[in-house]
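Notes follow once the structure below has been shown.
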Amino acid sequence: MRVIEAGMIGAIAQWCECLHGKEPILKTLEILAVSLDAEAIAISRSPKDSSVAPRVIAFDRRAADAMGARLDHSYARSVLRDYFDRARAGTIWFKSMVEDSISQDLMTFHSRRHLSELVVIPLEVGERTIDTLEIHFLDRPRNYQQALLNMLGETLTRTWRNRARGLFTEALLRVEEARASVQPGPPILSVENPARLSRAEYRVCLLLSRGRSTDAVKEELHISDSTLRTHLSNLYAKTGTHNLAELLYSLVTAAPFGDSGSGSSKVA
């Protein structure tokens, strides 16, 4: 416990330096994640208008070319729910408190990554937006971790209020520029097989890309409903898509394969 507390002192010092523009946000998020033994962490700015997508700066321990989804979304609304517009800054919210009614996208993300808990800390609640710190854990935080989070909440909030103006927007622009400069990989169905699809998964994708319905795919490949569901679940994880519509779009547009897997293996 003392070692962890000592590590948190360094992490908070880094956080304060960051909020005065002296340290990069991504490096600071990494240090916070390591100190809290978290798998991924993000600062999100979410419009109160739910039709507008949040903007996110995230650190994820999972490498960009690893299988499965990486953190690039805000899930604060799924945890805060009816209190989203009026949550008090500095309070600690756990996914496990609302486990029976969390959103499907959060369930899918945690299932793919084998994550157990999401902690949301509102940093600032404005008239039009809410800034949140979102921390994803592989295992449910232990008592001492929960105690640390409770102690940190007020400190993180107070220092966030006193941050250099424009810091989040400037950092977000740098992250987006870096992301845009990354060269995308080959299309999912290219000979390079960047998503490392199995032969069966490749056949399912090929038929879907040719306009076959799921029923037609089952009939043509002589597979059951459960087998197709398994293939689709694996395909979503390997291609970084969330549902059949996103997978189909990636296939029929020949969109280059990006963050979810950039291996060079041929079809197995």
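Things to note:
- Count of residues meeting criterion [closer than 19 Å to Pro122 by Cβ and over 20 Å from the mean Cα position of the chain (by Cα)] in the stretch 151-181: 14
- Of all residues in the stretch 81-88, none are part of a strand (DSSP E or B), over 16 Å from the mean Cα position of the chain (by Cα) and over 21 Å from Ser233 (Cβ atoms).
- Listed by first and then second residue, the pairs with beta-carbon distance under 7 Å, at least 6 apart or on different chains, first residue in the stretch 14-27 and under 17 Å from Thr155 (Cβ atoms) and without any contact (Cβ under 8 Å) to a residue 40 or more places away in the chain, second loosely packed, with under 15 Cβ neighbours inside 10 Å and among the basic types (Lys, Arg), form an empty list.
Per-residue answers, yes or no, for (1) surrounded by 12 or more Cβ atoms within 10 Å (Cβ to Cβ); (2) closer than 18 Å to Arg55 by Cα:
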{"site": "Ile135", "(1), (2)": "yes, yes"}
{"site": "Arg140", "(1), (2)": "yes, no"}
{"site": "Asn150", "(1), (2)": "yes, no"}
{"site": "Arg165", "(1), (2)": "no, yes"}
{"site": "Glu177", "(1), (2)": "no, yes"}
{"site": "Pro187", "(1), (2)": "yes, no"}
{"site": "Pro194", "(1), (2)": "yes, no"}
{"site": "Ser209", "(1), (2)": "yes, no"}
{"site": "His222", "(1), (2)": "no, no"}
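- Output for the stretch 79-120, where each listed residue is of a type in the set (A, V, I, L, M), over 27 Å from Gly240 (Cβ atoms) and surrounded by 15 or more Cβ atoms within 10 Å (Cβ to Cβ): Ala87, Ala89, Ile92
- Residues (open to solvent by 10 Å² or more (accessible area, probe 1.4 Å) and either modelled with pLDDT under 90 or in a loop (DSSP other than H, G, I, E, B) (or both)) located in the stretch 37-58: Asp37, Glu39, Lys48, Asp49, Ser50, Ser51, Val52, Ala53, Pro54
- Within the stretch 224-251, the residues that satisfy the criterion of being open to solvent by less than 30 Å² (accessible area, probe 1.4 Å), in a helix (DSSP H, G or I) and in contact with a Ser or Thr (Cβ under 7 Å, 6 or more places away or on another chain) are Leu228, Thr239, Leu247, Ser250, Leu251.
The values are calculated or read from the model by the stated rules, or taken from the named source; none is laboratory data. All figures in this text were calculated on a predicted structure; none of them were measured in a lab. Methodologically, a virtual Cβ is constructed for each residue, glycine included, from the backbone with ideal geometry; neighbour enumeration extends over all protein chains shown. Areas reflect the complete protein model, heavy atoms only, side chains present, ligands, DNA and RNA absent. Shrake-Rupley method; radii C 1.70, N 1.55, O 1.52, S 1.80 Å.
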